[in-house]
1. Answer with yes or no whether I4 is exposed (fewer than 15 other Cβ atoms within 10 Å of the Cβ), closer than 22 Å to V134 by Cα and aliphatic (A, V, I, L, M).
2. Quick check on segment 27-48. Is at least one of its residues of a type in the set (V, I, T), over 23 Å from E195 (Cα atoms), assigned by TED's automatic domain parsing to the domain that holds L193 and within 20 Å of the chain's Cα centre (by Cα)?
3. Check whether at least one residue in segment 58-76 is among the hydrophobic types (A, V, I, L, M, F, W, C), assigned by TED's automatic domain parsing to the domain that holds I124 and farther than 21 Å from D190 by Cβ, and report yes or no.
4. Would you mind stating whether P155 is modelled with pLDDT of 95 or more and either surrounded by 16 or more Cβ atoms within 10 Å (Cβ to Cβ) or out of contact with any strand residue (DSSP E or B) (no Cβ under 7 Å at 6 or more places or on another chain) (or both)?
5. Going through segment 180-211 one residue at a time, which ones are in contact (Cβ under 8 Å) with a residue 24 or more places away in the chain and farther than 30 Å from I4 by Cα?
6. Collect the residues in segment 227-266 that are more than 18 Å from the chain's Cα centre (by Cα) and of a type in the set (V, I, T), keeping them in residue-number order.
7. Taking segment 123-168 only, how many residues are over 15 Å from the mean Cα position of the chain (by Cα), of a type in the set (V, I, T) and not in a loop (DSSP other than H, G, I, E, B)?
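The values are calculated or read from the model by the stated rules, or taken from the named source; none is laboratory data. All of these numbers come straight from a predicted model, not from anything done at the bench. Using ideal geometry, Cβ is built from the backbone for each residue, glycine included, and neighbour counts are taken over all protein chains shown.
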Amino acid sequence: MNSIPTTPPRPFDVTAVFPQLAPLARTATRLHPRPGSPQPQDSSIGGPLLWPADEPWPHCDGPHVVDGINPAMSPAALRLERRIRAAAHGRTMTLQERETLRRIRPPRQLPLKPAAPQPYEGSIAMLPVAQLYVRDVPDLHAPDGADVLQVLWCPFDHPTMPRTALFWRSAATVTDILTTIPEPPALQFDGYLPEPCVINPEQITEYPSPMELSQELREQLANWSLWQAADTGVDSYYAPYPQEFYNGAMSVAPGWKVGGWPSWGPTDPVPRLCPTCDSKMDALLTIATFEVDDTTRSWLPSDPAEEPTTSVDYFDPRQPTAVQIGSGYKQQLYICPAAPEHPHTELMQ
């Protein structure tokens with residue numbers, strides 16, 4: 001029987017130790033994606049969209065270039081490769097499976113001899129990334145008249161991550177659904193093809209990254225004696241840098257989520273301003289490579305071994321969507337609260 005992924009309780013109430021954090025609390029909805037067979041009427045990651053049959057499918061006009069080292073692969077070929085590897089997990093591959101994999105991804109001869117970059121002419125069909133219904137995601141605030149958000153992207157870097165497109169719509173107005181989805185001829189990277197996943201939304205409370213706090217509060221977080229006096233039970237391993245415990249276990253949740261506080265690291269916190277009206281933008285969606293990492297293990301759901309609901313025999317609970325942004329980053333989407341129809345912005349962290 002499948003169980004619902006649930007975030008373990010935080011080690012203690014951080015606002016009891018640092019009451020200045022209380023007014024900074026925000027809710028976020030962790031999506032907890034798991035491989036499945038979502039339908040157009042479902043919220044999903046990488047699943048089919050409730051797309052009107054009479055509405056043109058989004059395409060990206062480019063530029064689209066595949067470098068001479070990483071060979072391009074079609075979505076169909078990559079899906080076949082994933083199915084074979086998942087089915088063979090824990091056993092020896094058959095000869096037929098090995099031969100199929102060699103056809104899909106021929107072995108490269110060493111030393112590598114990069115070929116000339118290969119441009120793709122014309123527009124390229126975008127891929128579904130997420131479909132989120134307001135009924136399922138408490139922190140998804142839709143414009144008037146809309147109840148579903150659809151996110152697509154171009155599976156090529158523009159310039160360092162996929163270019164995304166957002167569509168808000170009313171599900172009730174879609175009576176004839178597009179059944180044959182256009183697909184791009186190739187992907188720049190394997191991690192730009194999301195594995196179809198159902199979501200298991202869970203609303204949580206977050207606090208800002210230390211980088212967004214006042215200097216005074218950062219100094220308090222770094223004061224180990226305050227943590228000791230409050231009898232928090234935090235391991236003395238963190239004594240030289242208790243603010244790292246706050247950062248990893250008490251502030252911003254990892255993984256795919258809607259709303260909440262953004263994480264920072266490669267980029268210092270800067271206000272995200274609407275390119276149209278200069279309003280301060282809100283965090284909308286975090287597209288994550290990993291659900292947790294070594295510094296955020298306490299956020300791992302209590303039942304990471306949930307059984308998949310498809311024929312996939314194995315999935316990695318740390319990376320169920322198979323998405324990879326850069327070398328393991330997140331792609332954060334921001335939206336204008338004053339006018340959601342204004343262009344959104346993107347940031348890689």
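1. Criteria met by I4.
2. Scanning segment 27-48, I find at least one residue that is of a type in the set (V, I, T), over 23 Å from E195 (Cα atoms), assigned by TED's automatic domain parsing to the domain that holds L193 and within 20 Å of the chain's Cα centre (by Cα), so the answer is yes.
3. no
4. yes
5. Result: I181, P182, E183, P184, P185, A186, L187, Q188, F189, P210, M211.
6. Passing the criteria: T232, V234.
7. The qualifying residues number 2.
To keep it simple, each residue is scored yes or no on (1) buried (at least 20 other Cβ atoms within 10 Å of the Cβ); (2) farther than 24 Å from G248 by Cβ; (3) at pLDDT below 95.
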{"position": "P269", "(1), (2), (3)": "no, no, yes"}
{"position": "T276", "(1), (2), (3)": "no, yes, no"}
{"position": "L285", "(1), (2), (3)": "yes, no, no"}
{"position": "D293", "(1), (2), (3)": "no, no, yes"}
{"position": "L300", "(1), (2), (3)": "no, no, yes"}
{"position": "D303", "(1), (2), (3)": "no, no, yes"}
{"position": "D313", "(1), (2), (3)": "no, yes, yes"}
{"position": "V323", "(1), (2), (3)": "yes, no, no"}
{"position": "S327", "(1), (2), (3)": "no, no, yes"}
